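Scroll down for the structure; my scribbles are underneath it.
Please treat every number below as a calculation from the coordinates, not as lab data. For clarity, every value in this text was computed on a predicted model and none was experimentally measured. A quick note on method: Cβ atoms are made from the backbone with ideal geometry, for glycine too, and the neighbour counts reach across all protein chains shown.
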Amino acid sequence: MMLLYIPFLIQILVIGFDEFYFHWKRGLPRWERIGHPLDTLTIIAVFGYTLIFPFSAKALTLYIILATCSAIFVTKDEFVHKECCPAKEQWLHALLFLNHPLVLIATAFLWSKGETLFLGTQIVAASLFCFYQLIYWNFIWKKQ
């Protein structure tokens with residue numbers, strides 16, 4: 001059961017490094033200042049779904065659809081990231097893309113086990129990160 005928490009830890013570490021090293025170093029163009037919070041909203045929707053609907057075979061089917069949409073959606077920027085991101089940042093994005101489905105799979109298992117407290121903390125943490133992304137990058141950060 002403890003192994004299910006590893007993808008969340010990896011997510012925190014890798015996205016934290018991406019955000020507070022690469023993003024702060026290069027700044028974010030407008031499309032990323034809008035797109036990154038949208039990425040975060042997709043995972044919030046998935047976490048939220050597990051807190052609203054009790055686990056069942058029927059609920060799992062819609063969960064899989066939401067999770068698949070989230071996993072695909074977060075890759076949307078890679079066509080343009082090649083223009084503004086160094087190779088090391090793109091590699092970090094690849095790690096995030098590999099880990100994202102693991103977080104979603106672990107979420108499904110935790111949901112099936114009734115781990116609502118942990119999933120609730122994930123939705124709070126993701127929501128705070130989303131607010132940070134919206135507020136910092138769109139209202140506080142100034143282009144150098």
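Relative contact order for the stretch 8-139: 45 percent, from Cα pairs under 8 Å spaced at least 6 residues apart, divided by residue count. Excluding same-chain neighbours fewer than eight residues apart, the aspartates and glutamates reachable from K88 by a Cα-Cα span under 12 Å are D18.
Rounded to the nearest 10 degrees, the inclination of helix 57-73 to the longest alpha-carbon principal axis of the chain is 10 degrees.
Based only on the alpha carbon positions, what is the Kirkwood hydrodynamic radius of the stretch 43-100, in angstrom?
Over the stretch 43-100, the inverse of the mean reciprocal pair distance is 13.0 Å.
Based on alpha-carbon atoms, the Kirkwood radius and the radius of gyration of the stretch 8-139 give Rg/Rh equal to 0.98.
In this simple spin-label model, placing a label point 7 Å from the Cα along the Cα-to-Cβ direction at both I34 and I105 gives a separation of 3.4 nm. Between I72 and Y136, the modelled labels are 3.1 nm apart [label points 7 Å from Cα along Cα→Cβ].
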